[in-house]
Amino acid sequence: GSPLLDVLQLAEEQPPQAGRELRVWPRGAQEAWTVKPARVEPLLRLWVQRGQLCEPLPSLAESRAFAQLSLSHLSPEHKRLEQPAPYPVALSDKLRTLVASLLAGGSS
């Protein structure tokens with residue numbers, strides 16, 4: 001019932017699909033994880049493009065309600081006040097490859 005992790009990916013990549021295996025690289029991990037999400041919820045929305053609103057912005061009450069709902073879905077381990085468990089954020093294979101190549105190029 002609780003979210004497993006968030007995945008960052010390149011804009012041109014197809015979003016993850018529920019029921020399909022996905023290889024991801026959690027932050028700080030030396031090996032990839034293979035996950036098969038039961039549900040996928042896109043988190044990124046395009047609000048402004050070239051200085052123009054793409055859709056009306058939500059009201060403060062709507063934003064607050066969305067934030068409270070999102071927090072209610074997190075597991076108690078992530079919400080405890082003392083020593084909360086870190087919430088996993090992972091990179092897609094393509095994004096991890098790009099980051100690695102940028103880091104390699106920047107060190108020479």
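The values are calculated or read from the model by the stated rules, or taken from the named source; none is laboratory data. All of these numbers come straight from a predicted model, not from anything done at the bench. Cβ: placed from backbone, ideal geometry, glycine included. Neighbour counts: every protein chain shown. Heads up: the accessible areas ignore ligands, DNA and RNA and are worked out on the full protein's heavy atoms, side chains in. Shrake-Rupley method; radii C 1.70, N 1.55, O 1.52, S 1.80 Å.
What distance in nm separates the simple spin-label points at LYS79 and LEU46, each placed 7 Å from Cα in the Cβ direction?
Spacing of the two 7 Å Cα→Cβ label points: 3.4 nm.
Let me know the Kirkwood hydrodynamic radius for the chain, please, with Cα pairs as the basis and the value in Å to one decimal.
Details: mean 1/r = 0.0604 Å⁻¹.
Hydrodynamic radius (Kirkwood, Cα pairs) of the chain is 16.5 Å.
Would you work out the charge dipole size for the chain about its Cα centre, treating the Cβ of every Lys and Arg as +1 and the Cβ of every Asp and Glu as -1, and quote it to the nearest 20 debye?
Values: 12 positive and 11 negative charges, 3 e Å.
With only Lys, Arg, Asp and Glu charged at Cβ, the dipole is about 20 debye.
Express the carbon and sulfur contribution to the solvent-accessible surface of the chain as a percent, rounded to the nearest whole number, probe 1.4 angstrom.
Working: 5130 of 9020 Å².
Carbon plus sulfur share of accessible area: 57 percent.
Output ³J(HN,Hα) for segment 19-25: one whole-Hz value per residue in order, computed from phi by the Karplus curve 6.51 cos²θ - 1.76 cosθ + 1.60 with θ = phi - 60°, and x for Gly and Pro.
Karplus-based 3J(HN,Hα) across segment 19-25 equals x, 10, 5, 9, 9, 9, 10 Hz.
For a protection proxy built on the mean count of beta-carbon atoms within 10 angstrom, sort 5-15, 72-82 highest first, please.
Details: 5-15: 12.5, 72-82: 10.5.
Ranking the peptides 5-15, 72-82 by packing returns 5-15, 72-82.
Going by average Cβ neighbours within 10 Å, how do the peptides 24-33, 57-66 rank, with the highest at the top?
Values: 24-33: 13.7, 57-66: 10.4.
Result, highest mean Cβ count within 10 Å first: 24-33, 57-66.
Once you have a ≥ b ≥ c as the square roots of the Cα gyration tensor eigenvalues for segment 47-108, tell me rounded if a/c is under 1.5, and otherwise prolate or oblate according to whether a/b is larger than b/c. Walk me through the numbers on the way to the answer.
On the way: a/c = 3.34, a/b = 1.22, b/c = 2.73.
Verdict is oblate for segment 47-108.
State, as an integer percentage, the relative contact order of the chain based on alpha-carbon contacts under 8 Å between residues 6 or more apart. Walk me through the intermediate numbers first.
On the way: 104 pairs, mean separation 42.7, N = 108.
Worked out over the chain, it gives 40 percent.
In percent, how large is the relative contact order of segment 1-64, given Cα pairs closer than 8 Å and 6 or more residues apart?
Working: 47 pairs, mean separation 13.5, N = 64.
Taking the mean separation of contacting Cα pairs over the length of segment 1-64, I get 21 percent.
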